[in-house]
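A.B. asks: Pasting a structure here, questions to come.
The values are calculated or read from the model by the stated rules, or taken from the named source; none is laboratory data. A quick note: this is a predicted structure, and the numbers were derived from the prediction, not measured. Please note: Cβ atoms are built from the backbone with ideal geometry, for glycine as well, and neighbour counts cover all protein chains shown.
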Amino acid sequence: MTSTLPAGYRLEPLDESRRRDILDLDTWAFPASDSIDDLAAAPSPLPWGRTFGVVAPRDRPGALAAMYTSYPFAHFPVPGAELAAGGLSWVGVHPQHRRRGILTAMIDDHLTRCASGGEAVSALFAAEHAIYGRFGYGRAADDLRLEIPRSAALRDVPGAERHTVRIEHASREAHGALVAQVHREAGRAPTGVAGLNRPGWVTRETDALDAAFWDDSAVQRRGRESARIVVVELDGEPRGYARLRRTLDWEIAGPRGRVGTGEVVALDAAAARALWDVLLDLDLTSVVAPFMLPVDDVVTHLLVDRRAAVPRLMDNLWVRLVDVRAALAGRRYMADVDVVIGVRDARLPANTGAWHLRGSAFEPAVCERSDTEPDLDLDVRELGAAYLGGTSLAALAAAGLVTERTPGALARTAAAFTWPVAPGASWVF
Ligand SMILES: CC(C)(COP(=O)(O)OP(=O)(O)OC[C@H]1O[C@@H](n2cnc3c(N)ncnc32)[C@H](O)[C@@H]1OP(=O)(O)O)[C@@H](O)C(=O)NCCC(=O)NCCS
């Protein structure tokens, strides 16, 4: 089921010369008070060559009815491994042109390009929860939002006190290299155990993405202070960092400041404890609000009273398997698995059918077409949800979304698909 654009509309590649048209369309899709001049002054993360616009029949020259881009993630982390993925983003349709199938056609275009470019997976952050399931994307990761009261008690971690702390203006020049290094290492071994990586912990692989991450222009500040960074070091080596902006409200009873953090990343528990000690004791503030944390982040175990931190879950990455065979063979499994999975995929029929998967934690998996009856049946959307190891196939079966044909197959396959480190990305692309 591949859909084409409505009559008269056409898809075309966009390059840097179309920057203002892109920003104009983007502010139609995502209302913003910023001027196009201000937005154009900020660095663009868009990968030219992978950015496409839709032009409407008889619209004014240059105007866009819709657009999308897709970031090239050559090292997208999946359980125990990495593979190439397309990161779908900047999806927008002008309100004048919505609900006539333009998004549907853009998704089909994106999936076709992923398939021909050897990207076995597409991943995205969804603006609204209801949009992408119909296209075969499953909610593959959640993240945690907290509001931690200032001075919240944390459990002791030996060695935390040995760290030194720098609190500075955040800049790509001063901190770009150390942040990239600590972020990458934190994704590869968040528990310190070799091979237990954090699935979905995507890095800012292109120079443009990295430059945009560090942008601190007015459109990013939105009336708040400029970006700051806390770096914790041990023997002169960076072991963790947190990017933050404080906001200050003076109330009758005095100051009620808020510490909004972006990434809070540490390489071990002692560094994490040293980092949170700083964040939880900044003068004139009363609450620390990390934007998004992995659901199993160290701080959730260090907080003496997690309930006081008002935990809330949000959907993080959505994953779509573009090439079921390559994607299933491209990850590791927590237990030995030998199963035939029956997949339904209405958009990409090459994925439909029975797949014989054999895998384990220590050996590369093998996935091949099979002509035997499946042990389990599911839609590709559910396979995407379970793919990073954070959503249990057993839970999906309990919701009626996975069907067990061979008794025992569900328990064994669900155990193999889980992963001890919760999946999730630390930044929104
Ligand atoms: C979301 C958006 C991209 C949809 O584009 P569109 O061209 O109107 O989508 P389509 O016409 O291809 O819709 C396909 C189907 O998805 C459904 N759909 C689209 N947007 C939806 C939404 N936000 N919530 C629920 N369903 C949605 C449509 O109703 C349609 O269903 P149908 O096939 O049963 O009729 C567009 O409305 C938009 O730009 N919204 C604002 C920005 C945004 O949210 N972008 C997504 C960023 S992740």
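A.B. asks: What single numbered condition from (1) part of a helix (DSSP H, G or I); (2) loosely packed, with under 15 Cβ neighbours inside 10 Å fails to hold for PRO420?
C.D. replies: Against the list (1) part of a helix (DSSP H, G or I); (2) loosely packed, with under 15 Cβ neighbours inside 10 Å, PRO420 comes up short only on (1).
A.B. asks: Moving on to the next point. So which residues in segment 314-342 are in a strand (DSSP E or B), within 27 Å of LEU88 (Cα to Cα) and without any contact (Cβ under 8 Å) to a residue 60 or more places away in the chain, if there are any at all? Step through it out loud before you land on a result.
C.D. replies: Just the residues of segment 314-342 that are in a strand (DSSP E or B), to begin with: 314-315, 318-321, 337-342.
So of that shortlist, the ones also within 27 Å of LEU88 (Cα to Cα) come out as 314-315, 318-321, 341-342.
Matches in segment 314-342: none.
A.B. asks: Among the residues of segment 324-336, is there at least one that is surrounded by fewer than 21 Cβ atoms within 10 Å (Cβ to Cβ), farther than 11 Å from ALA120 by Cβ and of a type in the set (A, V, I, L, M, F, W, C)? Break it down into steps so the answer makes sense when it comes.
C.D. replies: Pass one, segment 324-336, residues surrounded by fewer than 21 Cβ atoms within 10 Å (Cβ to Cβ): 325-326, 329, 334-336.
Okay, now just the ones that are also farther than 11 Å from ALA120 by Cβ, so 334-336.
Checking which are of a type in the set (A, V, I, L, M, F, W, C) leaves us with 334-335.
Yes, segment 324-336 has at least one match.
A.B. asks: What's the number of the condition GLU168 fails, among (1) surrounded by fewer than 13 Cβ atoms within 10 Å (Cβ to Cβ); (2) out of contact with any Leu (no Cβ under 9 Å at 6 or more places or on another chain); (3) not in a strand (DSSP E or B)?
C.D. replies: (3)
A.B. asks: Here's another thing I want to ask about it. Go through segment 96-150 and give me each residue that's away from the ligand (no atom under 16 Å from the Cβ), on the phi < 0 side of the Ramachandran plot and small (Gly, Ala, Ser).
C.D. replies: ALA115, SER116, GLY117, ALA120
A.B. asks: Where the second residue is within 11 Å of the ligand (Cβ to nearest atom) and not in a strand (DSSP E or B) and the first is within 12 Å of CYS114 (Cα to Cα) and lies in segment 82-97, which pairs have Cβ atoms under 6 Å and are six or more apart or on separate chains?
C.D. replies: GLY87/PHE429
A.B. asks: Checking the conditions here, which among VAL182, VAL193, VAL202 is in contact with a Leu (Cβ under 7 Å, 6 or more places away or on another chain) and among the β-branched types (Val, Ile, Thr)?
C.D. replies: Values: VAL193 fails: in contact with a Leu (Cβ under 7 Å, 6 or more places away or on another chain); VAL202 fails: in contact with a Leu (Cβ under 7 Å, 6 or more places away or on another chain).
Answer to the check: VAL182.
A.B. asks: What is the number of the single condition among (1) buried (at least 18 other Cβ atoms within 10 Å of the Cβ); (2) within 30 Å of MET334 (Cβ to Cβ); (3) of a type in the set (A, V, I, L, M, F, W, C) that ILE148 does not meet?
C.D. replies: Just one mismatch for ILE148, condition (2).
A.B. asks: Just checking, does segment 216-225 include any residue being of a type in the set (D, E, K, R) and touching a residue at least 60 places away in the same chain (Cβ under 8 Å)? Walk me through how you get there before you give the answer.
C.D. replies: Step one: list which residues in segment 216-225 are of a type in the set (D, E, K, R), which gives 216, 221-222, 224-225.
If we keep only those that are touching a residue at least 60 places away in the same chain (Cβ under 8 Å) as well, we get none.
No: segment 216-225 contains no residue that is of a type in the set (D, E, K, R) and touching a residue at least 60 places away in the same chain (Cβ under 8 Å).
A.B. asks: Which condition does LEU83 not pass, out of (1) within 12 Å of the ligand (Cβ to nearest atom); (2) within 28 Å of LEU321 (Cα to Cα); (3) of a type outside the set (Ser, Thr, Tyr), if it passes all the others?
C.D. replies: So LEU83 meets the others, but not (1).
For (1) exposed (fewer than 14 other Cβ atoms within 10 Å of the Cβ); (2) within 16 Å of the ligand (Cβ to nearest atom); (3) assigned by TED's automatic domain parsing to the domain that holds LEU111; (4) part of a loop (DSSP other than H, G, I, E, B), each residue gets a yes or a no:
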| position | (1), (2), (3), (4) |
| --- | --- |
| ILE22 | no, yes, yes, no |
| LEU25 | no, yes, yes, no |
| ALA32 | no, yes, yes, yes |
| PRO43 | no, no, yes, yes |
| GLY53 | no, yes, yes, no |
| ARG60 | yes, no, yes, yes |
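A.B. asks: Then there is this: Report the residue count in segment 238-269 for those that are in contact (Cβ under 8 Å) with a residue 60 or more places away in the chain and either of a type in the set (D, E, K, R) or more than 29 Å from ALA186 (Cα to Cα) (or both).
C.D. replies: Looking only at that region, the number is 4.
A.B. asks: Has segment 216-233 got any residue that is more than 30 Å from ALA41 (Cβ to Cβ), modelled with pLDDT under 95 and of a type in the set (Gly, Ala, Ser)? I'd like the intermediate steps shown before the answer.
C.D. replies: Going through segment 216-233, the residues more than 30 Å from ALA41 (Cβ to Cβ) turn out to be 232-233.
Pick out the ones that are also modelled with pLDDT under 95 and you get none.
Looking for residues that are more than 30 Å from ALA41 (Cβ to Cβ), modelled with pLDDT under 95 and of a type in the set (Gly, Ala, Ser), one finds none in segment 216-233, hence no.
A.B. asks: Next up: For the structure I just gave you, tell me whether PHE362 is among the aromatic types (Phe, Trp, Tyr) and in contact with a helix residue (DSSP H, G or I) (Cβ under 9 Å, 6 or more places away or on another chain).
C.D. replies: Values: among the aromatic types (Phe, Trp, Tyr): yes; in contact with a helix residue (DSSP H, G or I) (Cβ under 9 Å, 6 or more places away or on another chain): no.
No: the conditions fail for PHE362.
A.B. asks: From the list ALA170, ALA153, pick out the single residue that is under 30 Å from ASP216 (Cβ atoms), more than 16 Å from the ligand (Cβ to nearest atom) and assigned by TED's automatic domain parsing to the domain that holds PRO290. Working first, answer last.
C.D. replies: Values: ALA153 fails: under 30 Å from ASP216 (Cβ atoms).
ALA170 is the lone residue from the list that is under 30 Å from ASP216 (Cβ atoms), more than 16 Å from the ligand (Cβ to nearest atom) and assigned by TED's automatic domain parsing to the domain that holds PRO290.
A.B. asks: Run down ALA74, ALA84, ALA123 and say which single residue is out of contact with any helix residue (DSSP H, G or I) (no Cβ under 7 Å at 6 or more places or on another chain), surrounded by 23 or more Cβ atoms within 10 Å (Cβ to Cβ) and assigned to a strand (DSSP E or B). Reasoning before the result, please.
C.D. replies: Working: ALA74 fails: surrounded by 23 or more Cβ atoms within 10 Å (Cβ to Cβ); ALA84 fails: surrounded by 23 or more Cβ atoms within 10 Å (Cβ to Cβ).
Selected residue: ALA123, the only one of ALA74, ALA84, ALA123 that is out of contact with any helix residue (DSSP H, G or I) (no Cβ under 7 Å at 6 or more places or on another chain), surrounded by 23 or more Cβ atoms within 10 Å (Cβ to Cβ) and assigned to a strand (DSSP E or B).
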